[in-house]
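**Q** Shown below is the structure under consideration.
The values are calculated or read from the model by the stated rules, or taken from the named source; none is laboratory data. Since we're looking at a predicted model, the values are computed, not measured. In this analysis, Cβ positions are derived from the backbone assuming ideal geometry, glycine residues included, and neighbour counts consider all displayed protein chains. For the accessible areas, the whole protein counts, side chains as well, though only heavy atoms, and no ligand, DNA or RNA atoms are used. Shrake-Rupley method; radii C 1.70, N 1.55, O 1.52, S 1.80 Å.
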Amino acid sequence: MKCYDFQEDKVVQKMEMTVLADNISRVKDSIAAAAVKSGVRADDILLVAVTKTHSAETVNLALQAGITHFGENKVQEAAQKLPLIIEPYDGFHFIGHLQTNKVKALLQLNPCLIHSVDSLHLAREIDKIAGNLIKKQEILLQVNTSGEDCKSGCEPAELIALVTAVSELPNLVIKGLMTIGRLSESAEDSRQDFNLLKKLSADLKAQNISGLDLKWLSMGMTSDYQIAIEEGANLVRIGSAIFGERHYNNEN
Ligand SMILES: *Cc1c(COP(=O)(O)O)cnc(C)c1O
(Lines give C-alpha, C1' and ligand atoms only; values in the text may rest on other atoms or scores of the structure.)
Protein backbone atom coordinates (compact mmCIF):
# COMPACT_ATOMS: atom_id res chain seq x y z
CA MET A 1 0.00 0.00 0.00
CA LYS A 2 1.24 3.46 -0.83
CA CYS A 3 1.83 5.78 2.09
CA TYR A 4 -0.07 8.96 1.28
CA ASP A 5 0.32 12.27 3.02
CA PHE A 6 -3.31 12.70 3.88
CA GLN A 7 -4.92 16.02 4.87
CA GLU A 8 -7.90 15.50 7.14
CA ASP A 9 -9.53 18.81 6.32
CA LYS A 10 -9.97 18.01 2.63
CA VAL A 11 -12.67 15.43 2.73
CA VAL A 12 -14.63 16.45 -0.31
CA GLN A 13 -15.54 13.41 -2.35
CA LYS A 14 -19.22 12.93 -3.10
CA MET A 15 -21.04 10.31 -5.11
CA GLU A 16 -24.31 9.58 -6.84
CA MET A 17 -26.69 7.03 -5.38
CA THR A 18 -27.12 5.00 -8.58
CA VAL A 19 -23.38 4.57 -9.09
CA LEU A 20 -22.93 3.64 -5.46
CA ALA A 21 -25.76 1.11 -5.46
CA ASP A 22 -24.35 -0.51 -8.62
CA ASN A 23 -20.86 -0.73 -7.18
CA ILE A 24 -22.13 -2.23 -3.93
CA SER A 25 -24.14 -4.90 -5.70
CA ARG A 26 -21.18 -5.78 -7.93
CA VAL A 27 -18.91 -6.14 -4.89
CA LYS A 28 -21.49 -8.23 -3.04
CA ASP A 29 -21.86 -10.51 -6.06
CA SER A 30 -18.17 -11.06 -6.31
CA ILE A 31 -17.87 -11.71 -2.57
CA ALA A 32 -20.62 -14.32 -3.01
CA ALA A 33 -18.76 -15.90 -5.93
CA ALA A 34 -15.52 -16.09 -3.96
CA ALA A 35 -17.43 -17.56 -1.00
CA VAL A 36 -18.84 -20.33 -3.21
CA LYS A 37 -15.36 -21.05 -4.49
CA SER A 38 -14.00 -21.43 -0.97
CA GLY A 39 -17.00 -23.39 0.32
CA VAL A 40 -18.29 -20.83 2.83
CA ARG A 41 -21.58 -18.97 3.04
CA ALA A 42 -21.58 -15.46 1.60
CA ASP A 43 -23.51 -14.34 4.69
CA ASP A 44 -20.56 -15.29 6.86
CA ILE A 45 -18.33 -12.73 5.19
CA LEU A 46 -18.59 -9.22 6.58
CA LEU A 47 -18.16 -6.37 4.12
CA VAL A 48 -16.67 -3.26 5.71
CA ALA A 49 -16.93 -0.30 3.35
CA VAL A 50 -13.82 1.86 3.68
CA THR A 51 -15.05 5.46 3.61
CA LYS A 52 -11.81 7.38 4.14
CA THR A 53 -11.64 10.62 2.07
CA HIS A 54 -15.36 10.37 1.30
CA SER A 55 -17.92 12.82 2.67
CA ALA A 56 -20.45 12.03 5.39
CA GLU A 57 -23.06 12.53 2.67
CA THR A 58 -21.54 9.69 0.66
CA VAL A 59 -21.39 7.50 3.76
CA ASN A 60 -25.09 8.21 4.40
CA LEU A 61 -25.89 7.18 0.82
CA ALA A 62 -23.88 3.99 1.17
CA LEU A 63 -25.79 3.15 4.35
CA GLN A 64 -29.06 3.75 2.49
CA ALA A 65 -27.80 1.44 -0.25
CA GLY A 66 -27.34 -1.43 2.17
CA ILE A 67 -23.89 -0.99 3.69
CA THR A 68 -24.04 -1.80 7.42
CA HIS A 69 -20.39 -1.51 8.49
CA PHE A 70 -17.87 1.13 7.49
CA GLY A 71 -14.24 1.82 8.30
CA GLU A 72 -12.01 4.84 8.66
CA ASN A 73 -8.24 5.04 9.04
CA LYS A 74 -7.70 8.47 10.65
CA VAL A 75 -9.10 9.44 14.04
CA GLN A 76 -9.43 13.11 13.20
CA GLU A 77 -11.27 12.48 9.95
CA ALA A 78 -13.60 10.00 11.66
CA ALA A 79 -14.29 12.48 14.47
CA GLN A 80 -15.33 15.11 11.93
CA LYS A 81 -17.47 12.72 9.92
CA LEU A 82 -19.31 10.55 12.41
CA PRO A 83 -21.46 13.31 13.92
CA LEU A 84 -22.77 13.99 10.38
CA ILE A 85 -23.84 10.40 9.80
CA ILE A 86 -27.59 10.27 10.25
CA GLU A 87 -28.39 6.85 8.76
CA PRO A 88 -28.32 3.95 11.21
CA TYR A 89 -25.42 1.53 11.00
CA ASP A 90 -24.26 -1.61 12.75
CA GLY A 91 -20.59 -0.84 13.19
CA PHE A 92 -17.85 1.71 12.78
CA HIS A 93 -14.42 0.09 12.34
CA PHE A 94 -11.05 1.69 12.85
CA ILE A 95 -8.56 0.22 10.38
CA GLY A 96 -5.62 2.65 10.33
CA HIS A 97 -2.38 3.02 12.20
CA LEU A 98 -3.21 4.29 15.68
CA GLN A 99 -1.09 6.55 17.85
CA THR A 100 -1.50 6.30 21.61
CA ASN A 101 -2.36 10.00 21.92
CA LYS A 102 -5.42 9.47 19.66
CA VAL A 103 -6.83 6.49 21.53
CA LYS A 104 -9.12 8.50 23.78
CA ALA A 105 -10.66 10.44 20.88
CA LEU A 106 -11.13 7.18 19.00
CA LEU A 107 -12.88 5.34 21.84
CA GLN A 108 -15.29 8.24 22.20
CA LEU A 109 -16.45 7.43 18.65
CA ASN A 110 -17.45 3.97 19.84
CA PRO A 111 -15.67 1.77 17.27
CA CYS A 112 -17.07 -1.75 17.20
CA LEU A 113 -13.66 -3.11 16.24
CA ILE A 114 -10.12 -1.69 16.12
CA HIS A 115 -8.23 -3.68 13.46
CA SER A 116 -4.78 -2.23 13.89
CA VAL A 117 -3.40 -3.14 17.31
CA ASP A 118 0.20 -4.19 16.80
CA SER A 119 2.05 -3.58 20.07
CA LEU A 120 1.61 -4.19 23.78
CA HIS A 121 2.22 -0.49 24.37
CA LEU A 122 -0.79 0.46 22.22
CA ALA A 123 -2.93 -2.34 23.65
CA ARG A 124 -2.23 -1.13 27.20
CA GLU A 125 -3.29 2.39 26.33
CA ILE A 126 -6.56 1.21 24.74
CA ASP A 127 -7.17 -1.02 27.77
CA LYS A 128 -6.63 1.88 30.17
CA ILE A 129 -8.96 4.25 28.33
CA ALA A 130 -11.60 1.56 27.78
CA GLY A 131 -11.45 0.96 31.54
CA ASN A 132 -12.01 4.66 32.22
CA LEU A 133 -15.03 4.60 29.92
CA ILE A 134 -16.26 1.38 31.55
CA LYS A 135 -16.36 -0.51 28.29
CA LYS A 136 -14.81 -3.60 26.75
CA GLN A 137 -13.11 -2.84 23.45
CA GLU A 138 -12.98 -5.48 20.74
CA ILE A 139 -9.73 -5.49 18.78
CA LEU A 140 -7.83 -7.37 16.11
CA LEU A 141 -4.08 -7.81 16.15
CA GLN A 142 -2.44 -6.59 12.97
CA VAL A 143 0.34 -8.78 11.62
CA ASN A 144 2.92 -7.79 9.02
CA THR A 145 2.64 -10.95 6.95
CA SER A 146 4.43 -9.60 3.87
CA GLY A 147 7.60 -8.50 5.65
CA GLU A 148 7.53 -5.16 3.81
CA ASP A 149 9.31 -2.38 5.73
CA CYS A 150 6.60 0.26 5.38
CA LYS A 151 3.83 -1.96 6.79
CA SER A 152 2.53 -1.75 10.33
CA GLY A 153 1.83 -4.92 12.25
CA CYS A 154 3.69 -7.17 14.60
CA GLU A 155 6.12 -9.72 13.23
CA PRO A 156 4.62 -13.19 12.79
CA ALA A 157 7.23 -14.62 15.18
CA GLU A 158 6.12 -12.18 17.91
CA LEU A 159 2.42 -12.88 17.62
CA ILE A 160 1.98 -15.59 20.23
CA ALA A 161 3.78 -13.53 22.87
CA LEU A 162 1.72 -10.46 21.98
CA VAL A 163 -1.57 -12.34 22.11
CA THR A 164 -0.64 -13.91 25.43
CA ALA A 165 0.17 -10.52 26.97
CA VAL A 166 -2.81 -8.69 25.45
CA SER A 167 -5.25 -11.41 26.46
CA GLU A 168 -4.53 -10.55 30.09
CA LEU A 169 -5.69 -6.95 29.72
CA PRO A 170 -9.13 -6.79 31.34
CA ASN A 171 -10.86 -4.29 29.07
CA LEU A 172 -9.77 -5.66 25.69
CA VAL A 173 -11.27 -8.56 23.78
CA ILE A 174 -9.13 -10.03 21.00
CA LYS A 175 -11.50 -11.03 18.19
CA GLY A 176 -9.02 -12.09 15.53
CA LEU A 177 -6.23 -11.03 13.21
CA MET A 178 -5.78 -8.48 10.46
CA THR A 179 -3.28 -8.08 7.67
CA ILE A 180 -2.69 -6.05 4.52
CA GLY A 181 -1.51 -8.00 1.48
CA ARG A 182 1.69 -6.94 -0.18
CA LEU A 183 1.77 -4.10 -2.69
CA SER A 184 2.33 -5.76 -6.03
CA GLU A 185 1.33 -5.76 -9.69
CA SER A 186 -0.47 -9.04 -9.22
CA ALA A 187 -3.06 -9.73 -6.53
CA GLU A 188 -2.00 -13.38 -6.62
CA ASP A 189 1.17 -12.31 -4.82
CA SER A 190 -0.91 -11.49 -1.71
CA ARG A 191 -2.12 -15.07 -1.45
CA GLN A 192 0.93 -16.13 0.58
CA ASP A 193 0.31 -13.25 3.04
CA PHE A 194 -3.31 -14.25 3.54
CA ASN A 195 -2.38 -17.89 3.84
CA LEU A 196 0.17 -17.02 6.52
CA LEU A 197 -2.43 -15.08 8.54
CA LYS A 198 -4.79 -18.03 8.39
CA LYS A 199 -2.03 -20.35 9.54
CA LEU A 200 -1.11 -17.99 12.40
CA SER A 201 -4.74 -17.95 13.49
CA ALA A 202 -4.84 -21.76 13.48
CA ASP A 203 -1.57 -21.92 15.46
CA LEU A 204 -3.01 -19.55 18.05
CA LYS A 205 -6.19 -21.57 18.38
CA ALA A 206 -4.01 -24.63 19.05
CA GLN A 207 -2.38 -22.80 21.98
CA ASN A 208 -5.70 -22.90 23.88
CA ILE A 209 -5.14 -19.48 25.41
CA SER A 210 -7.99 -19.05 27.86
CA GLY A 211 -10.90 -16.90 26.70
CA LEU A 212 -9.46 -16.36 23.23
CA ASP A 213 -12.16 -16.18 20.53
CA LEU A 214 -10.51 -15.62 17.14
CA LYS A 215 -13.64 -14.95 15.16
CA TRP A 216 -12.31 -12.63 12.44
CA LEU A 217 -9.69 -12.84 9.75
CA SER A 218 -9.68 -9.27 8.39
CA MET A 219 -7.88 -9.40 5.07
CA GLY A 220 -8.49 -8.31 1.50
CA MET A 221 -9.04 -4.92 -0.12
CA THR A 222 -10.27 -3.85 -3.57
CA SER A 223 -7.38 -5.41 -5.46
CA ASP A 224 -7.24 -8.74 -3.67
CA TYR A 225 -10.40 -9.53 -1.68
CA GLN A 226 -11.45 -12.50 -3.80
CA ILE A 227 -8.09 -14.12 -3.13
CA ALA A 228 -8.32 -13.24 0.56
CA ILE A 229 -11.72 -14.95 0.77
CA GLU A 230 -10.30 -18.03 -0.96
CA GLU A 231 -7.62 -18.06 1.76
CA GLY A 232 -10.17 -17.80 4.58
CA ALA A 233 -10.96 -14.10 5.09
CA ASN A 234 -14.35 -13.51 6.71
CA LEU A 235 -14.02 -9.74 6.91
CA VAL A 236 -13.00 -7.71 3.85
CA ARG A 237 -12.23 -3.98 3.86
CA ILE A 238 -13.22 -2.45 0.55
CA GLY A 239 -12.93 1.19 -0.50
CA SER A 240 -12.23 1.94 -4.16
CA ALA A 241 -14.43 -0.80 -5.63
CA ILE A 242 -17.39 0.86 -3.89
CA PHE A 243 -16.53 4.54 -3.88
CA GLY A 244 -14.15 4.87 -6.83
CA GLU A 245 -10.64 6.16 -6.74
CA ARG A 246 -9.65 8.24 -3.74
CA HIS A 247 -8.38 11.80 -4.09
CA TYR A 248 -6.07 13.04 -1.39
CA ASN A 249 -6.16 16.70 -2.37
CA ASN A 250 -8.51 19.49 -3.39
CA GLU A 251 -8.63 18.71 -7.08
CA ASN A 252 -12.29 17.71 -7.24
C1 LIG B 1 -7.77 2.18 2.49
C2 LIG B 1 -7.75 0.87 3.15
C3 LIG B 1 -8.50 -0.20 2.66
C4 LIG B 1 -9.34 -0.14 1.40
O5 LIG B 1 -8.55 0.03 0.27
P6 LIG B 1 -9.15 -0.15 -1.22
O7 LIG B 1 -7.99 -0.59 -2.01
O8 LIG B 1 -9.63 1.19 -1.63
O9 LIG B 1 -10.22 -1.14 -1.16
C10 LIG B 1 -8.45 -1.41 3.36
N11 LIG B 1 -7.72 -1.54 4.47
C12 LIG B 1 -6.99 -0.54 4.98
C13 LIG B 1 -6.19 -0.77 6.22
C14 LIG B 1 -6.98 0.70 4.34
O15 LIG B 1 -6.24 1.70 4.85
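**Q** Taking into account only those residues within the stretch 170-212 that are among the acidic types (Asp, Glu) and closer than 18 Å to residue 160 by Cα, which is nearest to the ligand (Cβ to nearest atom)?
**A** 193
**Q** For the stretch 226-252, which residues satisfy the criterion of being away from the ligand (no atom under 11 Å from the Cβ) and small (Gly, Ala, Ser)?
**A** 232, 233
**Q** Could you please give the count of residues in the stretch 223-252 that are open to solvent by less than 50 Å² (accessible area, probe 1.4 Å) and either within 21 Å of residue 43 (Cβ to Cβ) or of a type outside the set (Ser, Thr, Tyr) (or both)?
**A** So in the stretch 223-252, the residues open to solvent by less than 50 Å² (accessible area, probe 1.4 Å) come out as 224-225, 227-229, 231-244, 248.
Still in the list and also either within 21 Å of residue 43 (Cβ to Cβ) or of a type outside the set (Ser, Thr, Tyr) (or both): 224-225, 227-229, 231-239, 241-244.
Residues in the stretch 223-252 being open to solvent by less than 50 Å² (accessible area, probe 1.4 Å) and either within 21 Å of residue 43 (Cβ to Cβ) or of a type outside the set (Ser, Thr, Tyr) (or both): 18 in total.
**Q** Mind checking which strands (runs of 3 or more DSSP E) fall wholly inside the stretch 134-234 and carry at least 1 residues that are hydroxyl-bearing (Ser, Thr, Tyr)?
**A** 216-218
**Q** Separate question: Answer yes or no as to whether residue 68 is modelled with pLDDT of 95 or more and open to solvent by 20 Å² or more (accessible area, probe 1.4 Å). I'd like the intermediate steps shown before the answer.
**A** Numbers: modelled with pLDDT of 95 or more: yes; open to solvent by 20 Å² or more (accessible area, probe 1.4 Å): yes.
Yes.
**Q** Can residue 81 be described as within 16 Å of the ligand (Cβ to nearest atom) and over 28 Å from residue 156 (Cα atoms)?
**A** Against the criterion (within 16 Å of the ligand (Cβ to nearest atom) and over 28 Å from residue 156 (Cα atoms)), residue 81 qualifies.
**Q** Any residue in the stretch 16-38 that's without any contact (Cβ under 8 Å) to a residue 60 or more places away in the chain: show its pairings with residues that are polar (S, T, N, Q) and part of a helix (DSSP H, G or I) at Cβ separation under 8 Å, as long as the two are six or more apart or on different chains.
**A** 17/64
**Q** Go over the candidates 91, 96 one by one and state the one that is surrounded by 14 or more Cβ atoms within 10 Å (Cβ to Cβ), away from the ligand (no atom under 13 Å from the Cβ), closer than 24 Å to residue 214 by Cα and not hydrophobic (A, V, I, L, M, F, W, C).
**A** Working: 96 fails: away from the ligand (no atom under 13 Å from the Cβ).
Criteria check complete, one pass: 91.
**Q** May I pose another question? If you check residue 223 against the conditions, is it polar (S, T, N, Q), at pLDDT 95 or above and within 14 Å of the ligand (Cβ to nearest atom)?
**A** In short, yes.
**Q** To continue, here is another question. Tell me yes or no: at least one residue of the stretch 47-60 is open to solvent by less than 20 Å² (accessible area, probe 1.4 Å) and closer than 30 Å to residue 164 by Cβ.
**A** yes
**Q** Let me ask something else about it. Consider only pairs whose beta carbons are under 9 Å apart and that are at least six residues apart or on different chains; among these, list those whose first residue lies in the stretch 61-78 and is in contact (Cβ under 8 Å) with a residue 60 or more places away in the chain and more than 13 Å from the ligand (Cβ to nearest atom) and whose second residue is open to solvent by less than 30 Å² (accessible area, probe 1.4 Å) and part of a loop (DSSP other than H, G, I, E, B).
**A** Going by the 9 Å Cβ cut-off, the qualifying pairs are 62/51; 67/51.
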